[in-house]
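Working notes, structure below.
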Amino acid sequence: MSNDGKVRVRGLSIFRPIIYGNTATLLTTEDRKGGNIPPDHTHKWTVAVRSAASAPDSDIVGGADDLSYFIKRVTFKLHDTYTNATRNIDKPPFEVSETGWGEFEIQIRILFITEAGEKPMVLYHHLKLHPWTVTGEPEIPPPEVALKMGPVHSWQYDEVVFNDPFQNFLNILTAHPPTPLPTVKKRPVPFHLANPGSLEASRGGIPEFTRLMEKEEAARLEDAKKKVAAEQERWRNILIEKEKELEQLRRRVNNS
Ligand code: SLL
């Protein structure tokens, strides 16, 4: 067997954009008709790992591309109140749908195909059931209000970066270019705590990730970096002043 594929392509980085998160809706009387849903459950939800781009005219956030060309398995670790809390998903869609009553942290472990020769990637997502609120609103709106607000979306964009990939893995990746994100938004912006400005826009629609958001995020990070540097400088100067003061006081003590 040829060993060519086992060679690492040094100095090269290649990434694939993904999103992970959840969608949740309140359970309706219609949903309960089957009779299998425990009475204390209030919501149905889906947690997923998907490609960042959304399929045109789809009512799904992300998921335009099938990620199984580089992902072998996604393990979702649910709260211990769930039976079989560890859910292994070995084929797309990499998602788990459940019903429940509470929010909790979900561990998401992404296992790559063997060719990648990479360790699994572990992510954490806080399952979000209740609508995003703005200051002044009650934390959890009553069901009749929440119902009108529509499905709750909580999604995080991320990039899986492969450094120095094996040649055969690189071939697999390049054979599957990701669907590019749209340049500007056609749909509401998926919100995130870092991006509260988009809160209102995201209500009552299916959000979508765009390249504009990426630019905005970069600008926010740049801005935050500048603020941190300015604060650092300010505190450094305060420290220098205090040290001078300390030195003067020491001298006075020594001279007295
Ligand atoms: C809370 N710390 O107290 C969280 C835990 C657990 C939610 C939430 C499943 C219930 C079931 C369910 O919704 N667990 O299967 O009976 O809010």
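Restricting attention to region 62-100, the residues that are closer than 30 Å to residue 165 by Cβ and part of a strand (DSSP E or B) add up to 15. Could you say whether any residue in region 128-150 is within 16 Å of the ligand (Cβ to nearest atom), under 18 Å from residue 17 (Cα atoms) and surrounded by 12 or more Cβ atoms within 10 Å (Cβ to Cβ)? No. Within region 54-61, does at least one residue satisfy the condition of being of a type outside the set (Val, Ile, Thr), assigned to a strand (DSSP E or B) and within 16 Å of the ligand (Cβ to nearest atom)? No, there is no match, as no residue in region 54-61 is of a type outside the set (Val, Ile, Thr), assigned to a strand (DSSP E or B) and within 16 Å of the ligand (Cβ to nearest atom). Quick check on region 83-100: of everything there that is closer than 15 Å to residue 24 by Cβ and within 16 Å of the ligand (Cβ to nearest atom), which residue is nearest to the chain's Cα centre (by Cα)? The qualifying residue nearest to the chain's Cα centre (by Cα) is 96. On the stretch given as region 28-53, residues that are in a strand (DSSP E or B) and within 16 Å of the ligand (Cβ to nearest atom) total 5.
Check whether at least one residue in region 12-27 is part of a loop (DSSP other than H, G, I, E, B), over 22 Å from residue 81 (Cα atoms) and either more than 16 Å from the ligand (Cβ to nearest atom) or charged (D, E, K, R) (or both), and report yes or no. Yes; the residues of region 12-27 include at least one that is part of a loop (DSSP other than H, G, I, E, B), over 22 Å from residue 81 (Cα atoms) and either more than 16 Å from the ligand (Cβ to nearest atom) or charged (D, E, K, R) (or both).
Within region 101-144, restricting attention to residues that are under 22 Å from residue 30 (Cβ atoms) and in a loop (DSSP other than H, G, I, E, B), which residue is nearest to the chain's Cα centre (by Cα)? Walk me through how you get there before you give the answer.
We begin by selecting, within region 101-144, every residue under 22 Å from residue 30 (Cβ atoms); these are 101, 129-131, 141-144.
Filter once more, keeping what is in a loop (DSSP other than H, G, I, E, B): 101, 129-131, 141-142.
Working: 101: 22, 129: 15, 130: 17, 131: 17, 141: 24, 142: 27 Å.
It comes out as 129.
Residues of region 53-73 include none that is without any contact (Cβ under 8 Å) to a residue 60 or more places away in the chain, under 25 Å from residue 132 (Cβ atoms), aliphatic (A, V, I, L, M) and crowded, with 16+ Cβ neighbours inside 10 Å.
No value in this document is a laboratory result; all are computed from the given coordinates. Remember, it's a predicted structure, so these values are computed and weren't measured experimentally. Don't worry about glycine lacking a Cβ; one is built from the backbone with ideal geometry, like all the others, and counts go over all protein chains shown.
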